[in-house]
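One structure below.
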Amino acid sequence: MVLEGLDSPTGAENLLSWGENKLSVHPKYLISDEERQSLKEVSMLAYVPVIDLQELDGSSRPQAIEKLRKACKEHGYFEVINHGVSEAIMEDMMKVADEFFQLPVEDKLHLFSTDYRKRTLLSTSFNATKEATMHWRDYLRHPCNPLEEHINSWPNNPPSYRDVAGKYATQLKELTLKLLEAISESLGLEKDYIAKALGKQNQTMQINYYPPCPNPDLTLALGAHTDPNCLTIVQHDEVSGLQIMKDGSWFDVPALHGAFFVNIADQLQVISNGEYKSLVHRAVTNSRKKRISIPTFYGPSYDAEIKPAASLVAANVHGPLYVSFTFEQFLSHFYSQKLITTTLQHFEVPQPQSN
Ligand code: OGA
Ligand code: NI
């Protein structure tokens, strides 16, 4: 069995979960000196804003909306508790995700692809055909909305996968729509503004699988990036590894049990006309324990036309900060390059130079 293949960037033998744990790191995973240095300069995040979804119901809503506005504006992320997603479903999802990655490779090879246009796929790294440095990650990704249209493309092994992931996706959609209503309100927009701006809406679920890595100082699990969707809602396991960038420095996000980690993504930065910023984040490896994270990426359907909300444009002395584009145009630009943090710049309205 070829374990250190990597001759072809598109080969399934690049999967980290192909066989037994890798004992050495192939040179293709070695990060730059600058990135290595940045791994040494990380502090623990002292504060994670907590949004209690129950506080958004009833008479405490105005205060809760204000708290949410501050979290989005000043941090770009928050933790959500009392979110209504059942603990049993969260646990079942994590379990079936793990079982999927423990399956013998023969049982999942049919899902392997490096073509991002394939909506249900098992892959590795980020964009294997474009990047020079590989990321220490395998992932399974599939669309979830509408459920009936997509569920048959999902893995049917483990046998409970579709049932568990279907329930998880349904509850996550409900949670996300509540958050999008509250976020719309926090921007002074109609409650359904963002949900409508996303057209038929795209809900994509991903399972990130990070096996232990023999050289955590020399590799990244996932390099620095912002997410291309609108809002990301992540379930983490008990192993930490997520880092966020704030004011130019990296911070470890503590592992959260029972809560979801939510971050602002690119389309929300555009719709809010820069009022809320897409969060720069990355994931690091460790040599001891595998780690699983399950992000739900909620965003526009491919044909939705995304642009800054008119009332937020009117309120900004610079007018619109972004041109309008379809989500399909955005994604094709996003995937035309290696993983970087600057896709949004491509869609900025040029600002007059001040002297
Ligand atoms: C992602 C991501 C971070 C993590 O999949 O986009 O940022 O903690 N994952 O796995
Ligand atoms: Ni991300």
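Out of A304, A283, one residue alone is more than 15 Å from ligand 2 (Cβ to nearest atom), more than 10 Å from the chain's Cα centre (by Cα) and small (G, A, S). It is A304.
Name the residue that is farthest from ligand 2 (Cβ to nearest atom), counting only residues in the stretch 226-279 that are closer than 21 Å to C213 by Cα and of a type outside the set (A, V, I, L, M, F, W, C).
Step one: filter the stretch 226-279 for residues closer than 21 Å to C213 by Cα, giving 236-244, 250-255.
Checking which are of a type outside the set (A, V, I, L, M, F, W, C) leaves us with 236-238, 240-241, 243, 252, 254.
Working: H236: 12, D237: 16, E238: 19, S240: 15, G241: 12, Q243: 11, D252: 15, P254: 17 Å.
Step by step, filter the stretch 226-279, then rank; the result is E238.
Selection of first residues in the stretch 260-274 that are over 21 Å from V50 (Cα atoms) and within 15 Å of ligand 1 (Cβ to nearest atom) and of second residues that are of a type in the set (D, E) and part of a loop (DSSP other than H, G, I, E, B), restricted to Cβ pairs under 7 Å at least 6 apart or on distinct chains, gives the following pairs, ordered by first then second residue: D266/D227. Among the residues of the stretch 249-280, those identified as among the aliphatic types (A, V, I, L, M), crowded, with 20+ Cβ neighbours inside 10 Å and within 13 Å of the chain's Cα centre (by Cα) are V262, I264, A265, L279. Only one entry in P320, P254, P295, P350 is touching a strand residue (DSSP E or B) at 6+ places or on another chain (Cβ under 8 Å) and assigned to a loop (DSSP other than H, G, I, E, B), namely P254.
Where a number appears in this text, it was derived from the coordinates with a stated rule and is not lab data. Source: prediction; values computed, not measured. For neighbour counting, all protein chains shown are included, and Cβ atoms are generated from backbone atoms with ideal geometry for every residue, glycine included.
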